[in-house]
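Trainee: Provided herewith is a single structure, encoded as structure tokens, for subsequent inquiry.
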Amino acid sequence: MKYYIIAGEASGDLHGSNLMKGLKLVDPNADFRFWGGDLMLEQGGKIVKHYRETAIMGFVEVVLNLGKIKQFFKECKSDIQSYKPDVLILIDYPGFNLRMAEFAKSIGLKAYYYISPKIWAWKESRIKKIKAFVDKMFVIFPFEVDFFKKHNYPVDYAGNPLLDAVQETIDEKGSLEEFIAKNKLDNKPIIGILAGSRKQEIDRNLGIMLDLVPNYKDYQFVIAAAPSIELEYYNKFIEGYDVKVVDKQTYDTLKYSTEALVTSGTATLETALFNIPQVVCYRAGNLSYFIAKQFVKLDYISLVNLIMDSEVVKELIQFDMNPKMVKEELDKILFNETRRNRMLNDYHKLREVLGGTGASERVAKLIFNYLKEAN
């Protein structure tokens, strides 16, 4: 079958690549055309647009780039009609993908959504578009099943694909010594820094994180460069700091870290699945933050806390995200054994809640079977 997949950011590229891997197992004749990234490209098929071009976040940023976004829609619609896929698979990225689902409906193309828009956080009204234009929804968090049930919209839950991605890295051969040698690091415990996957996030968060570096002479800080950001971009931040930046090694950085400073998003869950104590640090633009505060109705912003519905990891958001408070929280997970062990025990419970590995292949089987039934 022919699959057209749209993923607009780094996390979507990761999940899209694992889904493609699963689809190739159940459908040896799978043919892919997609908007995504390097990980999806490794699975074969034709990449139309890299998420480096499409990852635009924040209310103000979207407004400033309306012309570019309009052109993306035009290109995508034309490309889908030329390719004539059996199904359109949409991965998160709701501002763009929900409109593409509506387009699919208008031309009689099935639209399957993998990784639901977070309408349980804000813009719950999007449920109307989902019910109208999305033929099948595959969710990755257990609580989403009940949320959609409340709206009389059945969804499929087959586990969380991050468990597969993380376990694959954990099982890989390699050692801390090899990681240190490869990246010319010091022989000190590593504090990993994951400062976001977009330049806007890095601009607002990385500088504050780096202010802590002089306080921890017995540790080394290692920045895991976002796959969509060129290494040179980090130079203006790290000048004057004894810090290294590693490229395309986010999971290895987490695997060999003792603690981590992490911006909100998928990275918080990935860090937890690697069993690394973390402090969640997040700053947005003041206007974007003010607008979000009016609409977001959640007690937490990190996926770890949202899934567990309790404060497993400390979240320092906006004005609380300052060098003094980040240092206080980092000290707690570095030097307070009780606090550290409590977090690690909660991580264990988190894994139990999410279920076992194999989610990507299970979702691929569901997608393939639904398509066979429809044909």
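The values are calculated or read from the model by the stated rules, or taken from the named source; none is laboratory data. In this text the structure is predicted, and so the values were computed from the model without any measurement. Positions of Cβ are generated from backbone atoms using ideal geometry, with glycine treated the same way; all protein chains shown enter the neighbour counts.
Trainee: How about the range 85-107: which of its residues are without any contact (Cβ under 8 Å) to a residue 60 or more places away in the chain and either β-branched (Val, Ile, Thr) or out of contact with any strand residue (DSSP E or B) (no Cβ under 6 Å at 6 or more places or on another chain) (or both)? First the steps, then the outcome.
Mentor: Looking only at the range 85-107, we keep the residues that are without any contact (Cβ under 8 Å) to a residue 60 or more places away in the chain, and these are 94-95, 98-99, 101-107.
Scanning the range 85-107 gives PRO94, GLY95, LEU98, ARG99, GLU102, PHE103, LYS105, SER106, ILE107.
Trainee: Now for a separate question. Could you tell me which of the residues ALA165, ALA121 is surrounded by 14 or more Cβ atoms within 10 Å (Cβ to Cβ), part of a helix (DSSP H, G or I) and within 17 Å of the chain's Cα centre (by Cα)? Spell out how you get there, then give the answer.
Mentor: Working: ALA121 fails: part of a helix (DSSP H, G or I).
On inspection, the qualifying residue turns out to be ALA165.
Trainee: Provide a single number: the residues in the range 158-194 that are within 23 Å of GLY12 (Cβ to Cβ) and at pLDDT 95 or above.
Mentor: Total satisfying the criteria: 3.
Trainee: Take the residues in the range 25-42 that are at pLDDT 95 or above and part of a helix (DSSP H, G or I); name whichever of them is nearest to ILE91 (Cα to Cα).
Mentor: Per the criteria, the residue is MET40.
Trainee: Pick from ASN345, ASN375: which is at pLDDT below 95 and not hydrophobic (A, V, I, L, M, F, W, C)? Don't jump to the end; show me each part of the working.
Mentor: Numbers: ASN345 fails: at pLDDT below 95.
Selected residue: ASN375, the only one of ASN345, ASN375 that is at pLDDT below 95 and not hydrophobic (A, V, I, L, M, F, W, C).
Trainee: Would you call LYS129 in the same structural domain as ASN97 (by TED's automatic domain parsing), in a loop (DSSP other than H, G, I, E, B), of a type in the set (Lys, Arg) and touching a helix residue (DSSP H, G or I) at 6+ places or on another chain (Cβ under 9 Å)?
Mentor: No.
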